[in-house]
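Reviewing the structure listed below.
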Amino acid sequence: MFLIRRLEEEAARAYAMGKIGGFLHLYIGQEAVGVGACAALEKDDYVVTTYRDHGIAIAKGMSARAMMAELYGKKTGCSQGLGGSMHLFDKANGMLGGHAIVGGHIPLAAGVAFASKYQDNKRVTLCFFGDGAVSIQGFHEGVSLAALWKLPIVFICENNEYSMGTPLSRTVSVEDISLKATGYGIAHDRFFATDVEEVEQRLGVAIKRAREESLPSLVEVRTYRFRGHSMSDPGKYRTPQELDEHKKRDPLVLGRQKLESTTDKAALEALEADVEREVADAIKFADESPEPELSILEGTTYDGAFAY
Amino acid sequence: MKSLRYREALREAMIEEMTADDRVFLMGEEVGHYNGAYKVSEGMLERFGEKRVIDTPIAEGGFAGLGVGAAIVGLRPIVEFMTWNFSAVAFDQILNNAAKVRQMSGGQLSCPIVFRGPNASARQVGSQHSHAMEHFYATVPGLKVIAPAFPADAKGMLKAAIRDDNPVLVMESETLYSLKGDVPDDQDAIPFGVARTVRQGRDCSIIAYARMTHVALDAADRLAKENIDVEVVDLRSLRPLDEEAILASVHKTHRCVIVHEGWPYGGVGAEIADRVQRLAFDDLDAPVLRVSQLDVPMPYNAKLEQQVMPNAERVVSAVKRVMTRNS
């Protein structure tokens, strides 16, 4: 969680300096969701997520270098600089994106789980999306098919209370999003992501259900983003008091406090120093890496000969 | 050699490829127990079982997306749209996921998926069920789009589509499904991007594909009676497009008429016309003309529908117009 927090703080700084372009959606405040979820997975399992994907990519095993270089649009990035912040992919680690059409990736994730069932490989797919995605067709068709065909998938709604600048109260008729599971006859759960270990444990139940019984679940994990929707969002739709209240429950701070009671202080500080070195190395690597050439584009558009 | 209907040729392609490769499966509305809305998949459920011939609910966006997800982790789905009209609600999945996942992942992932179904007019089914969708898709890099006109091509090209490591969209036709044609017993995969001259001629090239190839051949017969000798090029594949074959024919005849079922604005005909004027300018003795659906939604009324669809009379008329523009 600390690595993700620090990488994103540095990414925000690089964005302000013009080193990173386009959109940059920070996960700051939500880290316990992705980290807790991925801690409950096996190495071969899959994750599919939205454009707010930095934290989940790192939690699933992507290197800090590959992520930061991708943000910098460099050839050494995980997607060779062609995807950017919103499209982080790492096939070897089962990180299948990084998708930027709200809800459009949910049927795709169901398809990944379908393939696992077809191939009987016991892999589980986690599909992350925000509270803003539950009103769109892709969510309903994806969950409906996964329920109908009993696919090994966990749908994780990261409810951070706002779809961009619009609060939940103005986007959904029933505030408890997990109840949507009842319409599809699948298991559901709902909790706050303040304690990363609780996230791991609660999602672990749904992951076990997927792996052992090939049954999908819908889990609403309540969280909060401390930054704007993207870098261009000043967040005027919420009060400073509301933000401060949530920052008191920062899962990173709470996680460190918990560790302090069980871990030697020097060891923790050494770990943090390692993270700082890793972040600095990733920034340097991204900065110094070459840009992709135009010639890369044909072969990454089609597998094989270009179709013109 | 055997005589097969177009739908039987498609079925043979699917059966042969599914027999050869366990990763291939068929999914769509009514493909299994109902034996296919147009009987293309008749008997396949019995042969392959419910694991590989999968009836879906009416959820094109859902099952098209599910197919893409299955394809990027090692399966080779064939997704049937009952008609291409209904692909409109799955357009996001084809445009944003199937066509983009390879580039977004920096080439880490491929998407070997086939989307297939009947395209364009089907006689008096009204505006929402008569779309020729091919140009919406052929404009998208990352996709391949094929439109066979004859049973042998339907079989060979569908086999190639299933083996292709990219998303391939197969534009069939409800009005061609019962068409019979010779199919070699050992018909193998036919590569994309190779047009075929289905009628040799001197005076004018007609470029067509899918059902319009037959309309063009009909027009050619009528023109022959007036001593106008046209060449008909059946494109078979729209992306990749056999530019060389088009240019070679225009080089020979110096005139070009393009026939397609979609609307004229920015359609496949516009693409071909651009290439011909740009690459064969000096060969041309007349402007390139297009015969397309008229620029209106398809009406229900049978007489009006016949006038709105491209037909042999309009092709004949277009050819005569370019023939009278002697240089």
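Compute the Rg/Rh shape ratio of the range A:1-159: radius of gyration over Kirkwood radius, all on alpha-carbon atoms.
Ratio of gyration radius to Kirkwood radius for the range A:1-159: 0.97.
Could you tell me whether the range B:205-246 comes out rounded, prolate or oblate from its Cα gyration tensor? Rule is a ≥ b ≥ c as square roots of the eigenvalues, rounded for a/c under 1.5, then prolate if a/b exceeds b/c, otherwise oblate. Numbers along the way, then the final one.
Numbers: a/c = 5.58, a/b = 1.95, b/c = 2.86.
Taking the square roots of the gyration eigenvalues as a ≥ b ≥ c, the range B:205-246 is oblate.
For chain B, would you read off the P(r) tail past 25 Å as a percentage of all alpha carbon pairs? Don't skip to the end; give the middle numbers.
Values: 26294 of 53301 pairs.
Tail of P(r) above 25 Å: 49 percent of Cα pairs.
Calculate, for B:Q200 and A:A305, the FRET efficiency according to 1/(1 + (r/R0)^6) with r their C-beta to C-beta distance and R0 30 Å; round to the nearest 0.05. It would help to have the intermediate numbers written out before the result.
Values: r = 29 Å, r/R0 = 0.96.
Efficiency for this residue pair is about 0.55.
If you take every DSSP beta bridge fully contained in the range A:129-270, what fraction is antiparallel? Give it as a percent rounded to 5.
Details: 2 of 16 bridges.
Close to 10 percent.
Apply the Karplus parameterisation 6.51 cos²θ - 1.76 cosθ + 1.60, with θ equal to phi minus 60°, to every residue of the range B:115-130 and state each ³J(HN,Hα) to the nearest whole Hz, in sequence, with x for glycine and proline.
Taking θ as phi minus 60°, the curve returns 10, 9, x, x, 10, 6, 5, 9, 6, 6, 9, x, 5, 7, 10, 10 Hz for the range B:115-130.
Positive end of the dipole of the range B:195-327, charges at C-beta (+1 Lys, Arg; -1 Asp, Glu), about the Cα centre: which of B:G267, B:L284, B:M309 has its Cα farthest in that direction?
Value computed over the given set: B:M309.
Loop-only check: which trypsin sites (Lys or Arg not before Pro) in the range A:1-91 are DSSP coil with at most 14 other Cβ within 10 angstrom? Show your work: numbers first, answer last.
On the way: sites: A:R5, A:R6, A:R13, A:K19, A:K43, A:R52, A:K60, A:R65, A:K74, A:K75, A:K91; in loops: A:K19, A:K43, A:R52, A:K60, A:K74, A:K75.
Sparse-neighbourhood loop trypsin sites (Lys or Arg not before Pro): A:K43.
So which GluC sites (Glu not before Pro) in the range A:220-308 end up in coil per DSSP with only 13 or fewer other C-beta atoms within 10 Å? Present the calculation step by step, with values, prior to reporting the outcome.
Working: sites: A:E220, A:E242, A:E245, A:E260, A:E269, A:E272, A:E276, A:E278, A:E288, A:E293, A:E298; in loops: A:E293.
Of the GluC sites (Glu not before Pro), the ones in loops of the range A:220-308 whose Cβ has at most 13 other Cβ atoms within 10 Å are A:E293.
Positive end of the charge dipole of the range B:1-89 (Lys, Arg +1 and Asp, Glu -1 on Cβ, about the Cα centre): tell me which of B:V53, B:A13, B:W84 has its Cα farthest that way.
Toward the positive end, the furthest listed residue is B:A13.
Shielding by partners for A:81-87, please: the mean number of other protein chain Cβ atoms within 10 Å of each residue's Cβ.
3
Whole Å is fine, so just give me how far the alpha carbon centre of the range A:240-308 lies from that of the range A:60-100.
With the range A:240-308 and the range A:60-100 each reduced to a Cα centre, they are spaced 11 Å.
For chain B, what does -39500 (n - 2.57) per DSSP helix run (n ≥ 4), summed and divided by total residues, give at 222 nm, in deg cm²/dmol to the nearest 500?
Details: 11 runs with 111 residues, N = 327.
Calculated from helices alone, the mean residue ellipticity at 222 nm is -10000 deg cm²/dmol.
GNM on chain A, C-alpha springs below 10 Å: top fluctuator among A:S178, A:S214, A:S169?
A:S169
Taking Cα atoms, how many degrees apart are the long axis of helix B:211-224 and the longest axis of chain B, rounded to 10 and kept between 0 and 90?
The angle comes out at about 20 degrees.
Compute the relative contact order of chain B as a whole-number percentage, counting only Cα pairs closer than 8 Å that sit 6 or more residues apart in sequence. Display every interim value, and only then the final one.
Numbers: 740 pairs, mean separation 51.4, N = 327.
Taking the mean separation of contacting Cα pairs over the length of chain B, I get 16 percent.
Please compute the modelled spin-label separation between B:D218 and A:E42, points set 7 Å along Cα→Cβ, answer in nm with one decimal.
5.9
Whole angstrom only: what separates the Cα centroid of the range B:111-133 from the Cα centroid of the range B:206-278?
About 21 Å separates the Cα centre of the range B:111-133 from the one of the range B:206-278.
I need the P(r) histogram for the range A:1-86: all alpha carbon pairs, bin width 5 Å from 0 out to the longest distance, whole percents.
Taking all Cα pairs of the range A:1-86, the binned fractions are 3, 16, 26, 28, 17, 7, 2, 0 percent.
At 7 Å along the Cα-to-beta-carbon direction for both A:A267 and A:D176, put a label point, then send me their distance in nm to one decimal.
4.1
Please list, ordered by chain and number, the residues whose modelled amide H lies under 5 Å from the amide H of A:A187; skip anything fewer than 5 residues away on the same chain.
Close amide H contacts, sequence-distant or interchain: A:L218.
Is it possible to state the helix-based mean residue ellipticity at 222 nm for chain A, with each DSSP H run of 4+ residues giving -39500 (n - 2.57), the sum divided by total residues, to the nearest 500 deg cm²/dmol? What is it? Provide the component values of the computation, followed by the final result.
Details: 12 runs with 138 residues, N = 308.
The helix contribution divided over chain A gives -13500 deg cm²/dmol.
With each label point set 7 Å from Cα along the Cα-Cβ vector, what nm distance links A:V205 and A:M164?
So the two model labels end up 3.6 nm from each other.
If a/c stays under 1.5 just call it rounded; otherwise compare a/b with b/c (prolate if a/b is bigger, oblate if not). Do that for the range B:60-193, with a ≥ b ≥ c from the square roots of the Cα gyration tensor eigenvalues.
Values: a/c = 2.13, a/b = 1.22, b/c = 1.74.
Here the range B:60-193 falls in the oblate category.
Using a Förster radius of 60 Å, what is the FRET efficiency between B:I58 and A:Q257 based on their Cβ-Cβ separation? Nearest 0.05, please.
On the way: r = 52 Å, r/R0 = 0.86.
After rounding, the FRET efficiency stands at 0.70.
Put +1 on the Cβ of each Lys and Arg and -1 on the Cβ of each Asp and Glu in chain A; which of A:L215, A:T76, A:S144 then has its Cα farthest toward the positive end of the dipole?
My answer, from the dipole projection, is A:S144.
Return the sequence-ordered ³J(HN,Hα) values of the range A:127-140 in whole Hz as given by the Karplus equation 6.51 cos²θ - 1.76 cosθ + 1.60 applied to θ = phi - 60°, using x for Gly and Pro.
10, 9, 7, x, 5, x, 8, 7, 9, 9, 3, x, 4, 5
Could you give the size of the charge dipole of the range A:217-262 about its Cα centre, using +1 on the Cβ of each K and R and -1 on the Cβ of each D and E, expressed in debye and rounded to the nearest 20? It would help to have the intermediate numbers written out before the result.
Numbers: 10 positive and 7 negative charges, 9 e Å.
Approximately 40 debye in magnitude.
So which lysines pass the test for B:K252, namely a Cα distance under 19 Å, with those fewer than 8 places away in the same chain ruled out?
Hits, sequence-local ones excluded: B:K320.
In whole angstrom, note down how far apart the Cα centers of the range A:110-132 and the range B:307-323 are.
52
Any idea what the dipole of the protein assembly as shown comes to, in debye rounded to 20, about its Cα centre with Lys/Arg Cβ at +1 and Asp/Glu Cβ at -1? List each step's numbers first, then the result.
Details: 72 positive and 88 negative charges, 176 e Å.
My answer is approximately 840 debye.
Hey, got the dipole for the range B:217-324? About the Cα centre, +1 on K and R Cβ, -1 on D and E Cβ, debye to the nearest 20? Provide the component values of the computation, followed by the final result.
On the way: 13 positive and 18 negative charges, 53 e Å.
Result for the range B:217-324 is approximately 260 debye, rounded to the nearest 20.
For chain B, set up a Gaussian network in which alpha carbons nearer than 10 Å are linked by springs, and say which option among B:F136, B:F150, B:F115 fluctuates the most.
Top of the fluctuation ranking is B:F136.
Tell me which trypsin sites (Lys or Arg not before Pro) from the range B:1-72 have a DSSP coil assignment and no more than 13 other beta carbons within 10 Å of their own. Walk me through the numbers on the way to the answer.
Working: sites: B:K2, B:R5, B:R7, B:R11, B:R23, B:K39, B:R47, B:K51, B:R52; in loops: B:R23, B:K39, B:K51, B:R52.
The qualifying sites are B:K51.
Among A:G29, A:G97, A:G185, which one shows the biggest mean-square fluctuation in a GNM of chain A, springs joining Cα atoms closer than 10 Å?
A:G185
Where Rh is the Kirkwood radius over the Cα pairs of the range B:222-327, the temperature 4 °C and the viscosity 1.567 mPa s, what D in µm²/s does Stokes-Einstein return? Show your work: numbers first, answer last.
Working: Rh = 14.6 Å.
Rounded to a whole number, D works out at 89 µm²/s.
At a 10 angstrom cut-off on C-beta neighbours, averaged per residue, how do the peptides A:83-90, A:102-109, B:194-201, B:24-31 rank from highest to lowest? Working shown, then result.
Values: A:83-90: 25.6, A:102-109: 28.9, B:194-201: 16.6, B:24-31: 22.5.
Per-residue Cβ counts within 10 Å, averaged per peptide and sorted highest first, yield A:102-109, A:83-90, B:24-31, B:194-201.
Can you tally the net charge around A:L88? Count Lys and Arg as +1, Asp and Glu as -1, for every other residue whose Cβ sits under 12 Å from the Cβ of A:L88.
Working: positive: A:R52, A:K60, A:K91; negative: A:D53, A:E70, A:D90.
Once all neighbours under 12 Å are counted, the net charge is 0.
What relative contact order, as a whole-number percentage, does the range B:1-76 give when Cα pairs under 8 Å and 6 or more residues apart are counted?
With pairs under 8 Å counted, the relative contact order is 29 percent.
Of all DSSP beta bridges located in the protein assembly as shown, what percent are antiparallel, nearest 5? Please list the in-between numbers first.
Numbers: 13 of 66 bridges.
For the protein assembly as shown, the DSSP antiparallel bridge percentage is about 20.
So what is the relative contact order for chain A, in percent, with contacts set as C-alpha pairs under 8 Å and at least six apart?
For chain A, the relative contact order is 23 percent.
Going by a ≥ b ≥ c, the root eigenvalues of the Cα gyration tensor, does the range B:177-227 fall in the rounded group (a/c under 1.5), the prolate group (a/b larger than b/c) or the oblate group? Walk me through the intermediate numbers first.
Details: a/c = 2.36, a/b = 1.75, b/c = 1.34.
In terms of gyration-tensor shape, prolate.
Mind checking the log10 I(q)/I(0) for the range B:63-132 at q = 0.15, 0.22 Å⁻¹? Debye, one equal scatterer per Cα, no solvent, two decimals.
-0.52, -0.88
All of the numbers you see were taken from the coordinates with simple rules; none came from a lab. Please read these numbers as outputs of a predicted model, since none were measured by experiment. All Cβ positions, glycine included, derive from the backbone under ideal geometry; neighbour counts span all protein chains shown.
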